[in-house]
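S.K.: Just passing along the structure, written as structure tokens.
Read-outs throughout are calculated quantities, based only on the coordinates presented, and are distinct from any laboratory measurement. What you see is a predicted model; the values in this text were computed from it and never measured. All Cβ positions, glycine included, derive from the backbone under ideal geometry; neighbour counts span all protein chains shown.
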Amino acid sequence: MLAAILASQLIGFSATALILLGSGETAPATASPFWAAGAGLCGIIGLGAFYMALARGTMGLIAPLAALIGAGLPAIVSVIAGETLGPLRIAGIVIALLAVVLISIPGGEASETDRIAARIDVRDAPLVVMSGLGFAGFYLFLDRAAAAGGDIWWSLLVVRATGLVVVLAVFALALRRAGAGTLRGRASGILGVARLRLMSTSLLTAAPLFVLAGLGDLGGNAFFVLANERDALAVAVVLSSLYPVVTTLLAALFLRERLRAWQMLGIGLAVAGVAMIGAGESFDTEPVTTP
């Protein structure tokens, strides 16, 4: 898991640096890099907590709640901060948030014991809250970086650099805790060499997936920044959080996973929510005529 995160962060950082070199953006002279660094820190914390919870088998608990906190909190904060949204757009945002929760609830077959454990095991609640707050902080801090005058690629470079530094620090700490003696013991001997060769082969095989993950994550971040520049933060956050719709449809199409009733309802609500948000924009911007 840690190796996958490290690889995706490294690829995302490298791609961002290359794009920045060709973009012609000048280095920001404002406080935007500090906000961007905060976004990178929150994002990597949220991602780490999310993966830790998944590793402990609590996807049924963390996925819907983390999605709700991560998308709902920035939307609420933006409205409280003074963003003006019409009633139709607010209703569309609420419906879209409900869609995110429904779609994030895993389908698949699970035993009654697994379902009960997912409902009553509250020991993973801190991971749920940490994951959701991390994602929410990422959106909020990135919005502040843009408001402070930061250009898109400089902000994303700082985000990637911060995430990469944190992952490298965690990776170094994990190696240190494992102990140099243990690592040398594994590297020596026929069994240790075989394990290292198997690990190297696995990483090389998964390299294209790491590249796709890093570039996909970078693209998602970039499009969120562009959407946030053109519309309200609440709208950009909620619409960006609808990615489980695509994931669910791809799983049904390529993996032949059967969609549950609540997932199908979530997809329908997502379509309705997006339509209401789009229609509400025209009503909000329509000039008022007086007789």
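S.K.: Tell me the volume per residue, in Å³, of the convex hull enclosing the alpha carbons of the stretch 5-83.
M.R.: Details: hull volume 9.9 nm³, N = 79.
Convex hull volume per residue, Cα atoms: 126 Å³.
S.K.: Provide the per-residue ³J(HN,Hα) series for the stretch 147-153, in order, calculated from phi with Karplus coefficients 6.51, -1.76, 1.60 and θ = phi - 60°, each as a whole number of Hz, with x at glycine and proline positions.
M.R.: Result, rounded to whole Hz: 5, 7, x, x, 6, 4, 7.
S.K.: Just to check I understand the Karplus step: with θ = phi - 60° and J = 6.51 cos²θ - 1.76 cosθ + 1.60, what whole-Hz values come out for the stretch 88-102, glycine and proline as x?
M.R.: Calculated HN-Hα couplings, in order: 5, 5, 4, 4, x, 5, 4, 5, 5, 4, 4, 5, 4, 5, 5 Hz.
S.K.: Here's another thing I want to ask about it. Can you sort 243, 51, 139 from fewest to most other Cβ atoms within 10 Å of each residue's own Cβ?
M.R.: Working: 243 14, 51 17, 139 27.
By the 10 Å Cβ count, ascending: 243, 51, 139.
S.K.: Going 7 Å from the Cα of residue 2 toward and past its Cβ, which residues in the stretch 134-176 have a backbone nitrogen under 18 Å from where you end up?
M.R.: 163-176
S.K.: How far, in nm, would the chain grow between residue 260 and residue 226 when pulled straight, counting 0.36 nm per residue and subtracting the alpha carbon separation? Let's see the in-between values first.
M.R.: On the way: separation 34, 0.36 × 34 = 12.24 nm, distance 3.35 nm.
Difference between extended and current length: 8.9 nm.
S.K.: Between the stretch 206-233 and the stretch 50-99, how far is it from one alpha carbon centroid to the other, in angstrom?
M.R.: After rounding, the separation between the Cα centres reads 18 Å.
S.K.: A follow-up question, please. Quick query: amide H of residue 86 versus all other amide H atoms, modeled in the peptide plane; which residues come in under 5 Å with a sequence gap of 5 or more or a different chain?
M.R.: none
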